[in-house]
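Asker: This is the structure I want to talk about, given as structure tokens.
The values are calculated or read from the model by the stated rules, or taken from the named source; none is laboratory data. The structure displayed is predicted, hence computed values, not measured ones. Because the Cβ atoms are built from the backbone with ideal geometry, glycine has one as well, and the counts that use them run over all protein chains shown.
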């Protein structure tokens, strides 16, 4: 599966010149915990709800501080055409929970640990279903060739 | 997904009890109605770039078909 197909939620991006106050309100309105920070469509960094807590509230920065002054960068990314299995390695290696998905240099969406978990659990359910049916209804023998 | 200026995009809630969200398309930056879109969130007018995922559907409010 390609990374682009594993994205389960819409991605939201904000311009680098916008304020942290606006970022917080957009996160609340859009129901997301991270925004891509872009300039001319290209990804500069990401700002997360945790960034707003630790780099704005805890640091006593004003709500009109620029969002690019508190964003996380450089950002580990994955190409939209890469196999999603590469994302497992990136999450493991870098310890982050979100991975911007790029098409060339352009942001197209955000892949999260949650997305991968949901996909893995979906695969497990598909595997468990026939086993469960067998446990409940008994073993189903495969048809044997007819004897002549 | 294809959208045009004035359409509404609805993003379904991801958890039980979480409300759906919606935004209005202000600009279409992709070709032939494709994403990304500049959208406005709610009444307070905050704008962002939006890249719809499988959780989003478009409501055409001006009579065009999806």
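Conditions (1) farther than 21 Å from residue B:21 by Cβ; (2) crowded, with 21+ Cβ neighbours inside 10 Å, marked per residue:
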{"residue": "A:10", "(1), (2)": "no, yes"}
{"residue": "A:56", "(1), (2)": "yes, yes"}
{"residue": "A:77", "(1), (2)": "yes, no"}
{"residue": "A:108", "(1), (2)": "no, yes"}
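Asker: In segment A:27-54, which residue that is more than 21 Å from residue B:37 (Cα to Cα) and touching a helix residue (DSSP H, G or I) at 6+ places or on another chain (Cβ under 8 Å) is surrounded by the most Cβ atoms within 10 Å (Cβ to Cβ)?
Answerer: A:52
Asker: Among the listed residues B:25, B:39, which satisfies the condition of being without any contact (Cβ under 8 Å) to a residue 60 or more places away in the chain and within 20 Å of residue A:101 (Cβ to Cβ)?
Answerer: Criteria check complete, one pass: B:39.
Asker: Limited to segment B:22-40, what total is found for residues that are surrounded by fewer than 21 Cβ atoms within 10 Å (Cβ to Cβ), within 11 Å of chain A (Cβ to nearest Cβ) and not in a loop (DSSP other than H, G, I, E, B)?
Answerer: Residues that pass the stated criteria total 3.
Asker: Can you pull out every residue in segment B:6-27 that is over 16 Å from residue A:30 (Cβ atoms) and touching a strand residue (DSSP E or B) at 6+ places or on another chain (Cβ under 6 Å)?
Answerer: B:7, B:27 - these are the residues of segment B:6-27 that are over 16 Å from residue A:30 (Cβ atoms) and touching a strand residue (DSSP E or B) at 6+ places or on another chain (Cβ under 6 Å).
Asker: Under 8 Å by Cβ, and 6 or more places apart or on different chains, what pairs join a residue from segment B:48-66 that is farther than 21 Å from residue A:43 by Cβ and away from chain A (no Cβ under 14 Å) with one that is in a strand (DSSP E or B) and modelled with pLDDT of 90 or more?
Answerer: What qualifies is B:59/B:8; B:59/B:9; B:59/B:10; B:61/B:8; B:66/B:58.
Asker: Starting from residues that are more than 8 Å from every other protein chain (Cβ to nearest Cβ) and surrounded by 12 or more Cβ atoms within 10 Å (Cβ to Cβ), keep the ones in segment B:10-19 and report whichever is nearest to residue A:41 (Cα to Cα).
Answerer: For segment B:10-19, the residue satisfying everything is B:10.
Asker: Report yes if residue A:116 is surrounded by fewer than 20 Cβ atoms within 10 Å (Cβ to Cβ), out of contact with any strand residue (DSSP E or B) (no Cβ under 7 Å at 6 or more places or on another chain) and touching a residue at least 40 places away in the same chain (Cβ under 8 Å), otherwise no. Show your work before the answer.
Answerer: Working: surrounded by fewer than 20 Cβ atoms within 10 Å (Cβ to Cβ): yes; out of contact with any strand residue (DSSP E or B) (no Cβ under 7 Å at 6 or more places or on another chain): yes; touching a residue at least 40 places away in the same chain (Cβ under 8 Å): yes.
In short, yes.
Asker: Please work out which one of (1) in contact (Cβ under 8 Å) with a residue 24 or more places away in the chain; (2) away from every other protein chain (no Cβ under 14 Å); (3) surrounded by 19 or more Cβ atoms within 10 Å (Cβ to Cβ) is the condition residue A:65 fails and give its number.
Answerer: Answer for residue A:65: the failing condition is (3).
Asker: Could you go through segment A:94-106 and let me know if any residue there is on the phi < 0 side of the Ramachandran plot, loosely packed, with under 11 Cβ neighbours inside 10 Å and out of contact with any strand residue (DSSP E or B) (no Cβ under 9 Å at 6 or more places or on another chain).
Answerer: There is no residue in segment A:94-106 that is on the phi < 0 side of the Ramachandran plot, loosely packed, with under 11 Cβ neighbours inside 10 Å and out of contact with any strand residue (DSSP E or B) (no Cβ under 9 Å at 6 or more places or on another chain).
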